[in-house]
Amino acid sequence: LMSFNPKTLDAILLSIPRDTYVPIACNIKNYAKINSSAAYGTSCVISTINNLLGINIDYYVKINFKGVVDLVEAVDGIDVFVEAPTYTPNKYKGKVCEQNSDRQWGDKLVCINPGLQVLNGEQALAYARCRHMYIGSDLDRVRHQQQVVEALANKVLHFNSIKEFQ
């Protein structure tokens, strides 16, 4: 969830962990993990978040895996400090590895070295999705997702011209 102040140009980003147990707005307020609200459609997700946080969501963006890849590619990659794995650091020789945007493993696995990297679309998605290589699991994944969103925002905000932005 992002809150943006157009006067100060400040943005605040809040991630809601997928396992947060909440009343699902469109399911007679039965409690479940918040990610299950998506089974009832986007309007249910928005209503559930509105009820949970006591807010009104004015606008939303819905994007799939391929959209994330395309978005990062459209800005020629993003600068991200990739956190080294904390759970299985030796399995992939210290690299962060995850399925590609088609959810394929094996020779389609996307692996990234830890440290400051310029990530392409597949790498950004892989890093944003990866949770099994970190002790904090979903909480680490949430932080990685925030890093990717912040890096995208920084890239877009630092275009030098309208032509470059287009």
query = Applying the selection to region 101-115, what residues are open to solvent by less than 80 Å² (accessible area, probe 1.4 Å) and at positive phi?
reply = GLY106, GLY115
message = One residue is enough: does region 126-136 have a residue meeting the conditions touching a residue at least 24 places away in the same chain (Cβ under 8 Å) and surrounded by fewer than 14 Cβ atoms within 10 Å (Cβ to Cβ)?
response = yes
remark   = Residues of region 1-20 being farther than 16 Å from TYR60 by Cα, under 20 Å from the mean Cα position of the chain (by Cα) and open to solvent by 90 Å² or more (accessible area, probe 1.4 Å), in sequence order, are ASP10, ARG18
request  = Kindly indicate which of GLU83, GLU98 is in contact with a Cys (Cβ under 8 Å, 6 or more places away or on another chain), surrounded by 15 or more Cβ atoms within 10 Å (Cβ to Cβ) and not β-branched (Val, Ile, Thr).
outcome  = GLU98
task = Report, ordered by the first and then the second residue, all pairs with beta carbons closer than 9 Å, sequence separation of six or more or different chains, a first member in region 95-115 that is more than 19 Å from GLN145 (Cα to Cα) and without any contact (Cβ under 8 Å) to a residue 60 or more places away in the chain, and a second member that is acidic (Asp, Glu) and loosely packed, with under 14 Cβ neighbours inside 10 Å.
result = LYS108/ASP102
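Being of a type in the set (D, E, K, R) and open to solvent by less than 20 Å² (accessible area, probe 1.4 Å) is the filter here, so list the residues in region 141-151 that pass it.
Matches in region 141-151: none.
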task = Search region 77-86 for residues being at pLDDT 95 or above and assigned to a loop (DSSP other than H, G, I, E, B), and hand back the single one that is nearest to VAL148 (Cα to Cα).
result = GLY77
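Can you list the helices (runs of 4 or more DSSP H) found entirely within region 87-166 that contain at least 1 residues being at pLDDT 95 or above?
121-129, 138-157
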ask   = What number of residues within region 21-30 satisfy the criterion of being surrounded by fewer than 13 Cβ atoms within 10 Å (Cβ to Cβ) and either within 21 Å of ASP138 (Cα to Cα) or touching a Cys at 6+ places or on another chain (Cβ under 6 Å) (or both)?
value = 1
query = Among the residues of region 96-122, how many are closer than 13 Å to GLU83 by Cα and not hydrophobic (A, V, I, L, M, F, W, C)?
reply = 4
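The values are calculated or read from the model by the stated rules, or taken from the named source; none is laboratory data. Computed from a predicted structure; not experimentally measured. Note that each Cβ is placed from the backbone with ideal geometry, even for glycine, and that neighbours are counted across all protein chains shown. We work out accessible area using only protein heavy atoms, side chains counted, and drop any ligands, DNA or RNA first. Shrake-Rupley method; radii C 1.70, N 1.55, O 1.52, S 1.80 Å.
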